[in-house]
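The values are calculated or read from the model by the stated rules, or taken from the named source; none is laboratory data. Just so we're clear, the structure is a prediction, and the values are computed from it rather than from any experiment. With ideal geometry, Cβ positions are generated from the backbone for all residues, glycine too; neighbour counts draw on all protein chains shown. Note: areas computed on protein heavy atoms with side chains; ligands, DNA, RNA excluded. Shrake-Rupley method; radii C 1.70, N 1.55, O 1.52, S 1.80 Å.
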Amino acid sequence: MNSKTKYMIPAFAAVFAMMFVATVPNVIADGGDYAKWGGDKHHQKGHGHILVEGFTGSIVIPDDMTKETRGELKDQVTVSLGQAVSVAESSGVTDAKKASIGIAKDGEDNKYVVWKIISIDRDEESQTMTKNVFVVDAGNDANFASISQTFDHAKMKGDKMDRKIEKFQQKFSEPTGDAEVDAARTQFLDLLQQLRDAYTNGDSDTAKSIKEQLKELKETALFNMKNANL
């Protein structure tokens with residue numbers, strides 16, 4: 001059986017929780033730089049941008065911003081967070097994880113102010129995670145769209161381990177002259193490679209066992225592993 005885990009906030013509680021914590025922040029910071037929206041950072045650090053090809057919003061963000069135009073943008077936001085969540089629920093989104101104001105890009109350098117309602121599905125069997133983003137025009141709740149993006153968690157962990165292994169291979173490239181320390185370093189690298197393979201194969205039990213062995217090895221204090229972050 002395909003096992004899926006959904007990370008959700010119950011719809012009723014979500015609306016009220018988000019209504020209290022969410023506000024409409026400044027769309028653009030002074031000087032034309034984008035301000036943090038406080039929303040999803042996976043799309044673009046600090047900007048809250050999301051690419052929704054073909055989407056046309058009613059609140060257009062101009063290329064040249066001033067304090068006046070920034071205020072005008074805020075005044076154009078007529079759709080509340082509660083309304084946006086209701087639209088999402090009406091379209092079948094009942095497992096929202098979070099919501100925030102943000103910027104939708106249409107793929108042609110046009111940007112619009114939108115609400116983003118986010119849900120996440122994780123498939124334990126395939127070790128994949130799907131991020132679903134429902135976008136509602138902040139000036140017209142009849143205008144909405146949705147996109148999904150699937151991430152391979154096993155591959156992401158494997159890639160991270162490859163970088164970590166390379167880092168420690170460089171760090172341990174020169175023998176210390178102490179046979180016991182050098183042997184411990186060799187064992188550490190071997191365990192890292194085994195952990196990488198376990199992640200790639202989606203073998204969580206083996207990965208847990210290897211991490212325990214790594215922890216024990218680090219505690220021997222034969223070498224400084226403070227930055228291992230395992």
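Numbers below:
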read-out	value
Positive minus negative residues near Gly57 (Lys, Arg vs Asp, Glu; Cβ under 14 Å)	-3
Exceeding the 19 Å Cα-Cα cut-off - candidates Lys131/Lys167; Lys131/Lys211; Lys157/Lys208; Lys97/Lys131; Lys131/Lys157	Lys131/Lys167; Lys131/Lys211
Distance in nm between pseudo-label sites at Gln83 and Lys160 (7 Å out along the Cβ direction from Cα)	4.0 nm
Cβ-Cβ FRET estimate between Lys171 and Phe151, R0 fixed at 41 Å, reported to 0.05	0.90
Peptides ranked, highest mean first, by Cβ atoms within 10 Å: ranges 134-140, 167-173, 114-120, 53-59	114-120, 134-140, 53-59, 167-173
Label-point gap, in nm, between Lys208 and Lys97 - each point 7 angstrom along Cα→Cβ	2.2 nm
Area of Lys155 that stays accessible when all protein chains are in place (1.4 Å probe, Å², to 10)	120 Å²
Pairwise FRET efficiency - Asp75 versus Leu191, Cβ, R0 = 45 Å, nearest 0.05	0.15
Spin-label model distance (nm) - Asp178 vs Val60, 7 Å beyond Cα toward Cβ	6.8 nm
Spatial extent of segment 93-192: Rg and Dmax, with the Cα atoms as the point set, Å	22.6, 71
